[in-house]
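S.K.: If you scroll down you'll find the structure; I have some questions about it.
What follows is calculated from the coordinates using simple rules that are stated; it is not laboratory data. Predicted, not measured: the structure shown is a model, and the values here were computed from it. Cβ atoms come from the backbone with ideal geometry, glycine included; neighbour counts cover every protein chain shown.
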Amino acid sequence: MAGFKKQFHFTETGDLYPFMLEILSEIEERTGETIFNRIRGSSRFILIELLTNAIKHTNGTISVICLEIDGSNVTISRSDSGQRFLVERPDHVIYSDDMATLYGKPLTDDKLVFNVVDHDLTRPPLVEHLSEHYGLTIITKASDEFTYAYDPAAGTNTFSARIKLG
Amino acid sequence: MIQVKELGDYVVASLKLKEANLTEAERFKKELMEVIDQGHKKIIVDFEQVMYVDSSFLGALVSSLKYAMTLGSDIAVVHLNKDIFNLFQLIRMDKVFHIYKTLP
């Protein structure tokens, strides 16, 4: 499969669903029906959450969605010039409840990788302790690797989710 | 957004929207809390018309469940399409909400 790269521009006032379908259609065309059927659900979850996150956090700036496909991976990235994403806790925990803990572990000063650890459920989870924030968890679980990078020179944030094709 | 009907011991809150997302989450929570405040103990949220759910809407559903449980009520869900069911499984919401395939 030849390498493919395309950018899409999304604003917070944009209509999320048709925008997502446009990108999914591009993925289907480039990967073929068999592979697409396997990754359609994950791609859909990632796109919905990257776009929802853009609406929530970019204060009206345009987000650039970058789709890259090669023989091994589909990578969906979202870049914007909104506020920098920071993980403040020294143990790198972003959210934690009875069911799972979401970590943002630093790779460099300006890049981190997300990781979700599911907890053993020996009893039903305590509902009153449940997180109400699932966006980053969904993307992390739907992808094979989910990273965040900050470019201090350009002041841009890039969230990047990679799905293996093999 | 929600159409409510009683069904035996249950109250079914049918979502009258296709996109259960950030734009709709706060209104959904407010309307569902009004149903909870009416004293219903078994509430089923019907997703039959919903094409997709985002994390904000799921957060609103969890927040409503927390509120319901303080009043001795419970919330279940029904008619999840395949993608929404898979999403519930992905983040283990199937351990939190009883998922009906069809109305009981």
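S.K.: Of the residues that make up the stretch A:54-73, is at least one buried (at least 18 other Cβ atoms within 10 Å of the Cβ), assigned to a helix (DSSP H, G or I) and touching a strand residue (DSSP E or B) at 6+ places or on another chain (Cβ under 7 Å)?
M.R.: Looking through the stretch A:54-73, at least one residue is buried (at least 18 other Cβ atoms within 10 Å of the Cβ), assigned to a helix (DSSP H, G or I) and touching a strand residue (DSSP E or B) at 6+ places or on another chain (Cβ under 7 Å).
S.K.: Take the conditions within 14 Å of chain A (Cβ to nearest Cβ) and closer than 27 Å to A:SER96 by Cβ and apply them to B:ASN81. Does it pass? Show your work before the answer.
M.R.: On the way: within 14 Å of chain A (Cβ to nearest Cβ): yes; closer than 27 Å to A:SER96 by Cβ: no.
For B:ASN81, the condition - within 14 Å of chain A (Cβ to nearest Cβ) and closer than 27 Å to A:SER96 by Cβ - is not met.
S.K.: Can you give me the number of residues within the stretch A:98-134 that are within 14 Å of another protein chain (Cβ to nearest Cβ), over 23 Å from B:ILE75 (Cβ atoms) and in a loop (DSSP other than H, G, I, E, B)?
M.R.: Total meeting the criteria: 2.
S.K.: Conditions first: (1) touching a Pro at 6+ places or on another chain (Cβ under 7 Å); (2) in contact (Cβ under 8 Å) with a residue 60 or more places away in the chain; (3) surrounded by fewer than 18 Cβ atoms within 10 Å (Cβ to Cβ). B:GLY8 passes all but one, so which condition is the exception?
M.R.: (1)
S.K.: Right, something else. Restricting to the stretch B:31-78, give me the number of residues that are under 25 Å from A:PHE19 (Cβ atoms), more than 10 Å from chain A (Cβ to nearest Cβ) and surrounded by 17 or more Cβ atoms within 10 Å (Cβ to Cβ). Before the answer, list the steps.
M.R.: As a first pass, look at the stretch B:31-78 and keep what is under 25 Å from A:PHE19 (Cβ atoms): B:47-61.
Filter once more, keeping what is more than 10 Å from chain A (Cβ to nearest Cβ): B:47-50.
Now restrict to residues that are surrounded by 17 or more Cβ atoms within 10 Å (Cβ to Cβ): B:47, B:50.
Looking only at that region, the number is 2.
Okay, residues lined up against (1) closer than 24 Å to A:ASP98 by Cβ; (2) under 11 Å from the mean Cα position of the chain (by Cα); (3) among the basic types (Lys, Arg):
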| position | (1), (2), (3) |
| --- | --- |
| B:ASP9 | no, no, no |
| B:LYS18 | no, no, yes |
| B:LYS29 | yes, yes, yes |
| B:HIS98 | yes, yes, no |
